[in-house]
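Notes for the one structure printed next.
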Amino acid sequence: MIGSLHPQNDIPAVEDIDLPGSPISLNSRFYIDRPPCEALAYRELCNPGSLIRIRAPRKMGKSALMLRLLNQAATFGYRTVTIDFQQADTTIFESSDKFLRWLCLNVARQLKLAPNLNDYWDEDMGSKVSCTIYFEGYLLEQIRTPLVLVFNEVNLLFEYPHITQ
């Protein structure tokens, strides 16, 4: 999309071009609001423990809305982490233990925290409880601010029923 032309030679200004395949920029005049969905999502962003699920066909503005929500979260002073399940090697999905450890490590890395995963992981308690302890007892204690987790391409997890259980 071309927003404006360079005044000297009628060439599109680079900062005004949205690249194909990428979400529409935050300041794009081509973004289409979808009331009441956006207002509802922004309101839910303020509720502790809330879940916002964005579902739509491809090219319907899911990523653009996600960027707007992340921007709003940043203005509230929230920490944000984006996990894209497309980036995970298929071996990560072999077991729930491997998957949850990968998730914890990725969140810690994006929060710029030392992983310290082994200090909180206990085989005898299981990976689900260990993951919960790691988030509650380590990650959230370290940042002491609200955290927004964005999971992109969650649909990929449903190919692995032993994880989605």
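The values are calculated or read from the model by the stated rules, or taken from the named source; none is laboratory data. What you are looking at is a predicted structure, and each value in this text was computed from that prediction instead of being measured. Please note that ligands, DNA and RNA were not included when accessible areas were found on the heavy atoms of the full protein model with its side chains. Shrake-Rupley method; radii C 1.70, N 1.55, O 1.52, S 1.80 Å.
Observations on the model:
- Distant-in-sequence amide H partners of Val148 (H built 1.01 Å from N, under 5 Å): Arg79, Thr80, Val81
- For region 30-90: rounded, prolate or oblate by the Cα gyration tensor [a/c cutoff 1.5]: oblate
- Normalising the average separation of contacting C-alpha pairs (under 8 angstrom, six or more residues apart) by the number of residues puts the relative contact order of the chain at 21 percent.
- Rounded if a/c under 1.5, otherwise prolate or oblate - region 39-147, Cα gyration tensor axes: oblate
- Taking a ≥ b ≥ c as the square roots of the eigenvalues of the alpha-carbon gyration tensor, region 68-117 is classed oblate because a/c is 1.5 or more while a/b is no larger than b/c.
- With a 1.4 Å probe rolled over the protein heavy atoms of all chains, the accessible area of Lys62, Lys112 falls in the order Lys112, Lys62, largest first.
- Stretching Arg144 away from Asp84 to a fully extended chain increases their span by 19.2 nm, per 0.36 nm per residue minus the current alpha-carbon distance.
- Every helix of 4 or more DSSP H residues in the chain counts as -39500 (n - 2.57), and over all residues that averages to -9000 deg cm²/dmol at 222 nm.
- Net lengthening on full extension, Ser63/Gln110 (0.36 nm per residue, minus Cα-Cα): 15.0 nm
- Residue-wise HN-Hα coupling along region 95-110, computed from phi with Karplus coefficients 6.51, -1.76, 1.60 (Hz; x: Gly, Pro): 8, 5, 4, 4, 5, 5, 5, 4, 4, 4, 5, 5, 5, 4, 4, 5
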